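Notes follow once the structure below has been shown.
The values are calculated or read from the model by the stated rules, or taken from the named source; none is laboratory data. The structure presented is a predicted model; accordingly, all values stated were derived computationally and were not measured. Don't worry about glycine lacking a Cβ; one is built from the backbone with ideal geometry, like all the others, and counts go over all protein chains shown.
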Ligand code: KIV
């Protein structure tokens, strides 16, 4: 097992794959959540553009902006002593041109303190990947269900479920590898297709909803904690019902405020009697 407090690096991720250790990967969008994940031994943290939905209440990830992503990435990076931090490039921060892609990837590293960036797309995005890698920035590819292209791929649906599209994913993997990605994330791909991709891949392949055959697993933290209530994808395993715990706490607070049970003496500052008496005298004189 690797040293819990030593920062995870790309060579260490490759070492884990060689040793047959599975990589744990979770999203985080703020400092306290990232601190807890880091402390728990999560190997990689994705500062996902899903933050636009989980944190800001937007209907899709398309509303995430560079400024928002860079700011939350910086918060996560400040907390991640050990976890490897991946900043997720938001919609239109890399699609328009290589130059825009390099500039924005650079912001994730310089301002956000990320260890790498992730971008969505296969063969068509290979030139962007190459340009960013040429600038010295590690890139994770993301294929399969790519939410930024939801309208192109028929919605938030599993991908690669027929032979042609499965082959397409294998070709995308090769293009991305040739462009220099250090890893690939497969989203919502059938487990058997993912296994074929893993067999042929030269880089670590991470799964979100793509079965147990990948080198590591990613989930969205708000899904596993039961904090995102709009919908739950099939591949999510819920590890806690934090929404219920928090709602109960809020209800208890409202009840205590209404009843006057909060604040109690232990939550209240005291003025020493002597000072209190002095204040009373001054007030009396001023009357
Ligand atoms: O933004 C995100 O959390 C993601 C995952 C859904 C892969 O990109």
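Is it the case that region 236-258 has a residue that's within 14 Å of the ligand (Cβ to nearest atom), under 30 Å from residue 58 (Cβ atoms), without any contact (Cβ under 8 Å) to a residue 60 or more places away in the chain and touching a helix residue (DSSP H, G or I) at 6+ places or on another chain (Cβ under 9 Å)?
Yes, region 236-258 has at least one match.
Quickly run through region 142-155 and pick out the residues that are surrounded by 15 or more Cβ atoms within 10 Å (Cβ to Cβ) and either under 18 Å from the mean Cα position of the chain (by Cα) or more than 16 Å from the ligand (Cβ to nearest atom) (or both).
142, 143, 144, 145, 146, 147, 148
Going by the structure shown, is residue 204 within 21 Å of the chain's Cα centre (by Cα), closer than 28 Å to residue 73 by Cα, modelled with pLDDT of 95 or more and away from the ligand (no atom under 14 Å from the Cβ)?
It is true that residue 204 is within 21 Å of the chain's Cα centre (by Cα), closer than 28 Å to residue 73 by Cα, modelled with pLDDT of 95 or more and away from the ligand (no atom under 14 Å from the Cβ).
Only residues that are surrounded by fewer than 23 Cβ atoms within 10 Å (Cβ to Cβ) and either touching a residue at least 60 places away in the same chain (Cβ under 8 Å) or not in a loop (DSSP other than H, G, I, E, B) (or both): list them for region 117-141, please.
123, 124, 126, 127, 130, 131, 133, 134, 138 - these are the residues of region 117-141 that are surrounded by fewer than 23 Cβ atoms within 10 Å (Cβ to Cβ) and either touching a residue at least 60 places away in the same chain (Cβ under 8 Å) or not in a loop (DSSP other than H, G, I, E, B) (or both).
Give region 14-25 a look and list any residue that's out of contact with any strand residue (DSSP E or B) (no Cβ under 6 Å at 6 or more places or on another chain) and surrounded by 15 or more Cβ atoms within 10 Å (Cβ to Cβ), or say none.
14, 17, 21, 24
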